[in-house]
Amino acid sequence: MTSPSSAPGDRARAVIAGIGSCLPPLVVTNTQVIARGNLDTTDAWITGRTGIHRRRLAGPAISTGDLATAAARAAIDSAGSAVPRPDLLLLATTTPDRPCPATAPEVAHRLGLGTVPAFDLAAVCSGFLYGLVTASALLRSGTCRAPLVVAAEKYSTIVDPFDRDTAPLFGDAAAAVALRLGNADEPGAVLETDWGSDGGGSDLITVAAGGSRLPATGIDTGIGIGIGTPGHGDRCFRMRGRQVYAHAVRRMTSSSEAVLATTGWRPEEVRAFIGHQANQRILDAVADRLGVPPRHRLGNIRDVGNTAGASVPLALADAAARHACAPGARTLLTAFGGGLTWASATLLWPDAPVRTTAPEPRPPLHDHQEVSPP
């Protein structure tokens, strides 16, 4: 579903004014993944089927919130004085620090943002673009002035290292953008968006245990209702690869076509295409169907793997740091994830310096602790 455009003559748009990213320091190769899980596969097979050569993993002392805090701070530093102090923080993640409470308020606290609204958003690999749509709408409505959209994932906590189908795919990372209100013709302007979902495919990408349907541990409710203990596999990420491949290609293609039509761009006019970094074959299939030539396809799946909700902004940060596009270049972003969910956006390539930083260790937190603003 394409998001409503502004009223005639209304040129106000959310503008990406700051970009930050965070990669954990540990680099893990395909060979190491194979050895750790004693997987029946090879480096050549993984590379050929996915395009992934290596990924970054966070150690046990680093949480999703640590990655998110570092990326968010980097985005604030990138924006500098171009953006007011952030007054909203939206965190897209499938791997929050704990089921309750949300991770976003603690991240905002660690950034010294005081009592700004902050919440988690769960749309799996479409999370960043869902967050971008939401923050852009809130910004244009006047609900906020300077939202931060953060996407952070620690999939190493939910991936089964012994599962040949998923263990080689995922990495840990975070990325963030700082937004401000601007005009539709300036670099960084988010022009049009499209998003959708299909709950009929909710069983294709799952972590079965940990929610109310199947708690992570067995529970005696005391009211005559017993909830069984899930097996190891129920607590891990599972994916039906062939079905997901077909859905991902179809949904990202159709969503991209919809948002391009709303924007008034032809696919051959796109100068930067970034799709969710799930699998290089999926990315190429979508770009081929759209007619985006290889020279305009940007990504970093080779070096970081599938970082789920963080993949699109992480690829954006990587390309921007390499000056892969000129500010103002016509850009298409698209993603697909569990739910099923999908989303796409057109924007003008940002003119913002990229800041990349290491994870921030979590400091001791005390009730009503005051932290100075950045």
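The values are calculated or read from the model by the stated rules, or taken from the named source; none is laboratory data. Keep in mind it's a predicted model, so treat the numbers as computed, not measured. Reconstructed Cβ throughout: ideal geometry from the backbone, glycine too, with neighbour counts over all protein chains shown.
Quick notes on this structure:
- Number of positions in the stretch 99-126 that are under 18 Å from the mean Cα position of the chain (by Cα) and assigned to a loop (DSSP other than H, G, I, E, B): 4
- Test for T307: is it under 21 Å from the mean Cα position of the chain (by Cα), under 28 Å from P168 (Cα atoms) and crowded, with 24+ Cβ neighbours inside 10 Å: yes
- Positions within the stretch 278-316 being touching a strand residue (DSSP E or B) at 6+ places or on another chain (Cβ under 7 Å) and β-branched (V, I, T), in sequence order: V286, V292, V304, T307, V312
- Filter result (crowded, with 24+ Cβ neighbours inside 10 Å and either on the phi > 0 side of the Ramachandran plot or not small (G, A, S) (or both)) within the stretch 77-93: P86, L89, L90, L91, T93
- Elements of type helices (runs of 4 or more DSSP H) contained in the stretch 265-337, each with 1 or more residues being touching a Gly at 6+ places or on another chain (Cβ under 9 Å) and among the hydroxyl-bearing types (S, T, Y): 311-321
Here is a yes/no grid of residues against (1) among the polar types (S, T, N, Q); (2) in the same structural domain as R330 (by TED's automatic domain parsing); (3) surrounded by 18 or more Cβ atoms within 10 Å (Cβ to Cβ); (4) modelled with pLDDT under 95:
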residue: S126; (1), (2), (3), (4): yes, yes, yes, no
residue: L129; (1), (2), (3), (4): no, yes, yes, no
residue: T143; (1), (2), (3), (4): yes, yes, no, no
residue: Y155; (1), (2), (3), (4): no, yes, yes, no
residue: R164; (1), (2), (3), (4): no, yes, no, yes
residue: A173; (1), (2), (3), (4): no, yes, yes, no
residue: L179; (1), (2), (3), (4): no, yes, yes, no
residue: G182; (1), (2), (3), (4): no, yes, yes, no
residue: G188; (1), (2), (3), (4): no, yes, yes, no
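- Pairing residues of the stretch 91-110 that are farther than 18 Å from T307 by Cβ and touching a residue at least 40 places away in the same chain (Cβ under 8 Å) with residues that are assigned to a helix (DSSP H, G or I) and among the polar types (S, T, N, Q), at Cβ distances under 9 Å and at least 6 apart in sequence or on separate chains, gives E106/T69; R110/T69.
- Taken over the stretch 292-346, the residue count meeting the criterion of being of a type in the set (A, V, I, L, M, F, W, C) and within 29 Å of G201 (Cα to Cα) is 18.
- Residues that are part of a loop (DSSP other than H, G, I, E, B) and surrounded by 19 or more Cβ atoms within 10 Å (Cβ to Cβ), drawn from the stretch 23-59: L23, P24, L39, G51, I52, A58
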